[in-house]
Each structure stands twice: as C-alpha cells, then as structure tokens.
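Participant: Mind looking over this structure? Questions follow.
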Amino acid sequence: MAEIINGKELAKSIRLELKEEVEKLNEKGIFPKLAVIMVGNDKASKVYVRNKSKACEEIGIWYEEILLDETTTMEKLLEIIENLNIRKDIHGILLQSPIPKHLDISKAFNKICPEKDVDGFNPINVGKLVIGEDSFVSCTPYGVIKMLERYNIEIEGKNAVIIGRSNIVGKPLIQCLLKKNATVTVCHSKTKNIADITKKADILIVALGKAKFVTKDMVKAGAVVIDVGINRNELGKLEGDVDFEEVAKVASYITPVPGGVGPMTIAMLMNNVVKACKYQN
Ligand code: NAP
C-alpha cells in the first residue's frame, strides 16, 4: 500500500517557516505585501482568492485585493497593473484567472513586472526557467517539486511522465524535472496508447482535469503518483485525476485530493511573495 504524501501538513510546515522569515524581515522594517487583482465574479476564483488572503494573514504577509467590474477595459487593467508595478510597498502581483473573455490575459501577464510576478506567468520568468536561471516558478509545479524533495523522493535518473501540457502546470513541470535530471515524457490529448507510456513511469504526474482518468492498470508497481487534478463529482465532492483507492494499492507514494497538491500551491505562492520581497530589498 502506498505512503500518502500529506500536502496539507507539508504546506502547514512551509507556512510556519515562512512566518518566521517574515518576522525577521519585519524586525528590519520590511513588510512583504501581495496585491491580488480579480476581474468579475467567478465563484471558484472567489474561493481561491479567499484562501490566498487567509494564508497571507496567517504568515503575516500584507494583502491588498483589487476587485474590478466585469466590464473593466484592457486599458484600465493595464493601468492598474502599471501602478502596482511602480508602488514600492507592493512586492508581488497576482492576476486571478479566469478573467472576462474580452480581456487579453497574456497581455496582462506580460505587463506584470518580472520581479513582482509571483505566479511565474510572465514570459521573462518562463524563459528563465527554460534556460535554468533563477526565476519565479509557477506555484503548482513548484509545489509538486517541493513535495518530492521534502519526502526525499529521488528524481535524478528517474523516468518522469507528465499527463497534461498546460502553460501553468505541465510545461513548467517539464523544465523543473529536467533541472532535477529526470528523463521526462509528456502526454496530452493526442498521445496514443497512454497506458504504455505511464506504465514505464517511476514518477507519474497527472494534470489533465478528468476524474479518475489514471487507473491501477496504468501504473507501474512502486511508482510515485502525484495527482494535480481537481474535479467536482455529481455530489459536489472533490476528486483527483487518479483513481486513488485502486492506484494506492500499487504505487509507493501517492497524493490525495483534496489535501495533496492544492495546499502546496498556495504555500509556494507565499514562498514566492517572500522571495520577491527579499529580492526587492
Ligand atoms: P488544462 O489547461 O485544461 O490542460 C489540460 C491538459 O490535459 C492539456 O494539455 C490536454 O491536452 C491534456 N488532456 C486533456 N484530455 C486528455 C486526455 N484524454 N489524455 C491525455 N491528456 C489530456 O488544465 P490545467 O490548467 O493544466 O489543469 C489540469 C488539472 O489540474 C485540472 O483539474 C485543474 O483543476 C487542476 N489544477 C490544480 C491545481 C492545484 O493547485 N492543485 C492548479 C492548477 C490546476 P492538449 O494540450 O492536447 O489539449
């Protein structure tokens, strides 16, 4: 039976470490601050934003929420980002996605100055990650790597398979795993015979957004299985992309949903805000 990777506990200990770091910064008169911009009324986004503000409060990171109307123009959004870029008291800027369709999210991410881009979505940070320079790494992939590290799971020389190639999860994960000397294979919606590929994985990371997609017969005995997926079933309960009960019987390590990658994502955002603040000071 697999050991369960407890993302909730791990994230809690990371938040405690960050709280101590923030206290040390405060003693020097430095107060890390995150600005979160939300456009429109997306229900799920509201929950995510609330969780981020709670984490900031717990750690002692100052927090400013900028709530914009659904009809906000691109010009206005860029102007708001520019003001936050200039402000000395703001160290991290986050634009909560999704944003209304009439707005160009890439243009908005490009506008956030790379030094304050705590989500790691600005192309400068993405490029730095690719060439192996220090950068802000997108919080979910960063959280996955931190999990593996903290559980002393060896990455070097392992066959790592990722299902999903999104800009926020799959693609940055490729670079993070390469940096750790894994041999990386990426599957996506056009991949043929996925099970043949996943069965060769020592580390299998699943991020496609389809409940219970990965079944026991797709996993090698002793593999480490990281489930990034978040799906809601007909009863409103959260489910991952992995059939947890069955896959746990063959894997060596597995993450649950909820309580796995999710809490790590927020912890790494907090980590990035503290990093940004230190960098700017
Ligand atoms: P996304 O942008 O929708 O990307 C999904 C990826 O999965 C795409 O690359 C797609 O391939 C691939 N895919 C879709 N169906 C597939 C199939 N049948 N076989 C193989 N690959 C398939 O999703 P995302 O934003 O990366 O998110 C993925 C999941 O992670 C979602 O459940 C999301 O809610 C969750 N998530 C969790 C966290 C967290 O903090 N835990 C953070 C972010 C996302 P193509 O490229 O070919 O279309």
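No value in this document is a laboratory result; all are computed from the given coordinates. Bear in mind that the values here come from a model prediction, so they are computed numbers and not experimental data. Virtual Cβ from ideal backbone geometry, glycine too; neighbours counted across all protein chains shown.
Participant: Loop only by DSSP, 16 or fewer other Cβ within 10 Å of the Cβ. Give me the GluC sites (Glu not before Pro) in region 51-134 that pass, ordered by residue number.
Facilitator: Passing both the DSSP loop test and the Cβ count: 70, 133.
Participant: Using the 10 angstrom Cβ neighbour count as an exposure proxy, how do 131, 61 rank, fewest first?
Facilitator: 131, 61
Participant: Pairs of lysines 8 or more apart, or on different chains, with alpha carbons under 20 Å: count those in region 53-175, would you?
Facilitator: Eligible lysine pairs with Cα atoms under 20 Å apart amount to 17.
Participant: For the chain, find the longest principal axis of its Cα atoms and tell me its angle to the long axis of helix 170-179, 0 to 90°, nearest 10.
Facilitator: Computed tilt is about 80 degrees.
Participant: Setting aside same-chain residues fewer than 8 positions from residue 199, which aspartates and glutamates have a Cα under 14 Å from its Cα?
Facilitator: 217
Participant: Report the GluC sites (Glu not before Pro) located in region 186-258 that are in a DSSP loop and have at most 12 other Cβ atoms inside 10 Å of their Cβ, or state none.
Facilitator: Listed in order of number, the matching sites are 234.
Participant: Would you mind checking the radius of gyration and Dmax of region 125-281 based on alpha-carbon positions, in Å?
Facilitator: According to the Cα coordinates of region 125-281, Rg and Dmax are 15.4, 51 Å.
Participant: How do 163-169, 222-228 rank on mean C-beta neighbours within 10 Å, highest first?
Facilitator: Order by mean packing, descending: 222-228, 163-169.
Participant: Compute the long axis of helix 43-59 from its Cα atoms, compare it with the longest principal axis of the Cα atoms of the chain, and write down the angle in degrees, 0 to 90, nearest 10.
Facilitator: Between helix and principal axis, roughly 80 degrees.
Participant: Along each of its three principal axes, how wide is the spread of alpha-carbon positions in the chain, in whole angstrom units, largest first?
Facilitator: 52, 43, 40
Participant: Let me ask another. Given bins 10 angstrom wide, list per bin the percent of all Cα-Cα distances in region 56-132, short to long.
Facilitator: Once binned at 10 Å, the Cα pair distances of region 56-132 give 16, 49, 29, 5.
Participant: If you don't mind, another one. Any chance you could check the Cα centroid distance between region 81-159 and region 19-71 for me, in angstrom?
Facilitator: Each part's Cα centre sits 16 Å from the other's.
Participant: Another one. Any number yet on Rg/Rh for region 191-279, C-alpha, Kirkwood?
Facilitator: 1.07
Participant: Any idea what log10 I(q)/I(0) is at q = 0.13, 0.16, 0.24 Å⁻¹ for region 126-211, Debye with uniform C-alpha scatterers and no solvent?
Facilitator: So the normalised log intensities are -0.39, -0.59, -1.28.
Participant: Additional query: Which order do 176, 139 fall in if you start with the one that has the fewest other Cβ atoms within 10 Å?
Facilitator: 176, 139
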